[in-house]
Structure formats: structure tokens, C-alpha cells
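What follows is calculated from the coordinates using simple rules that are stated; it is not laboratory data. It should be emphasised that the depicted structure is a prediction, and the values quoted were computed from it without experimental measurement. With ideal geometry, Cβ positions are generated from the backbone for all residues, glycine too; neighbour counts draw on all protein chains shown.
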Amino acid sequence: MAEMAENLLVTVNGGVCTITINRPGVRNALDVDTAKALRAALDAAQRRDETRVVVLTGAGGAFGSGADIKAAMSAAPTPAQAHQALTDAYAPAIQAVYSFPWPVIAAVDGPAAGISCDLALACDVRLVSARAVFMELFIRMGLIPDGGGTYLLPRLVGLGRALELMLTGARVEADEALRIGLANRSFPVETFAQDVAAFAAEMAGQSPLALLRGKQAMKAALEDRSLADAMAREAAFQREILEGPDGFEGFLAFVQKRPPQWSWTPKRG
């Protein structure tokens, strides 16, 4: 069974629901409408009695290139509007992935950058193709992660490594992602779709209650504070950055492919 939504393709095969972000022309960049559609697709998947596993992926050789900055900047948003988009669309979509009761697999074929990287981190398992690349790009635009990266990344790779990746925006190729625990398994590009389908089908064939309670128990044992708290802090800090003297300079420089010109300096005394 296949369903089409705005910028999404949803297919259901047995107990596996595959949600494909379908914006290949912009390397599956997330805009507000797509983020809201993703949350709705997850709500629909949860309502299906047959759902056991969700696979989240992207079309055309990219998991996602991050937020759709060009589209956002064309609308000339204010800091308040950017904050609202984050709290009303992006954060709820990532929360929906992270809190989904059934296992969620990120099938990362190609880049997962910026908030798309955080979206992959919110999944329970990350399967990667040999051309997968993870990048926390926010620092390159003078920002911090705002898709839960400050909460999720250190829980996967440790605090020191997470800080390195956040503060440098470094590329993490498939082999390195596998080595540091950012990815669970790597498959050849040529057979990636089939390998992911086989992995998901095998997981979906396990005891439904064990899948449900196993995930619930492990998440509860791991968390000592809520994702919502971390994301609220991110949103507050992000608003502070956007309302500061540099405002949208990082966005503009990124779109215009030029070095940013920063003007903010720390207060002394």
C-alpha cells in the first residue's frame, strides 16, 4: 500500500511503514510544511494496527540537507517567526520520531546534515549506505543545533566526540559513523534499499509486545531529563542568537556562498 502526502511518500508492507521525504530537488531539505506532514504521517502510522516498525528515509540519494534555508530566507523571517517555525513544526516532528512507541529506523543514503542529521539521531537505529555522511552544520552558520542534537548526540557518541562534531561541523563518513557508534550497520549503495527492507522486516517479525516494551524500557532507563527540556533550551538560545547583532548573517552568508561577517562581541565585567 502506498500513500502520497505533501513532499512525503508513505508505503506500508506488512508491519513496516516506510516514510520517504520526497524533495530530491533540494536534497530533501525540510521546510515547515514537510515537517508538519512528517508528524502527521507518524500519527497515522501509530494509528495503524499493523505497524511494528517505521523506516524513515529520503529520496534521490540524500537523507536530508537540513532546513530549507533558501525557502525560509525568501520569506524574510523575523527572529520571532523563525522561533515559531522551530517550536511549531520542526521540534514537534523530531519529538514525534523520538517518542514514537514502535522502533524507528533511519535509512541514511547520502547526506544527513543540520536538522536532518538531528532527525536521524532521533531514530532508534541508523542504517547507512557507503555514501552516507552526517554533519552537524549549525556552527558553520553561527548557530547551535536546534533539532535535539545537544541531547541526542552525546548519548550516542559521548560528550567529547559530540562537542567536537557540534563545534566543528565536521563530516562523518559512513565508516567513521559506524566506528564511533553514530551508525548501527553499513550496506553497499547498490543493495541499500533491499538490505534496509530485510533488516526492518526481520525486526517487525519479532514479538510486538517485546518491541514495544523493550524500546520503552531502554529509553526510560537512559533518560535522566526530557528531550523537551533540552529542545526548549535550544529554542531559547537560538532566539537569543537570532535577535542579536548578527541576526541572520549566517543564513545570508551560507546562501550567498561568502564568509560571514560577525559583529557580536562578549560583554566584559
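Side notes on the structure shown:
- Angle in degrees between helix 227-243 and the longest Cα principal axis of the chain, rounded to the nearest 10: 30
- Normalised alpha carbon radius of gyration of the range 185-267 [divisor 2.2 N^0.38 Å]: 1.87
- Bins of 5 Å, starting at 0 and running to the largest distance - Cα pair percent for the range 82-128: 5, 22, 27, 23, 15, 7, 1
- Looking at the chain alone, DSSP beta bridges between its own residues are antiparallel in about 35 percent of cases.
- Separation of alpha-carbon centers, the range 104-177 and the range 183-219, rounded to whole Å: 19
- Tail beyond 28 Å, pair distance distribution of the range 119-269 (Cα, percent): 35
- Helix axis angle, 159-168 relative to the chain longest principal axis, alpha carbon, degrees: 60
- Between residue 212 and residue 47, the modelled label-to-label distance comes to 1.8 nm, taking each label 7 Å out from Cα in the direction of the beta carbon.
- Only alpha carbons enter this Debye calculation for the range 22-113, each as an equal point scatterer, and the log10 of I(q)/I(0) it gives at q = 0.23, 0.25 Å⁻¹ is -1.22, -1.32.
- Pairs of lysines in the chain (C-alpha under 30 Å apart; 8 or more residues apart or interchain): 6
- Of the three principal axes defined by the Cα atoms of the range 1-60, the extents in descending order read 33, 21, 15 Å.
- R0 of 30 Å, Cβ-Cβ distance residue 193-residue 88: FRET efficiency to nearest 0.05: 0.35
- Convex hull volume of the chain per residue (C-alpha atoms, cubic angstrom): 130
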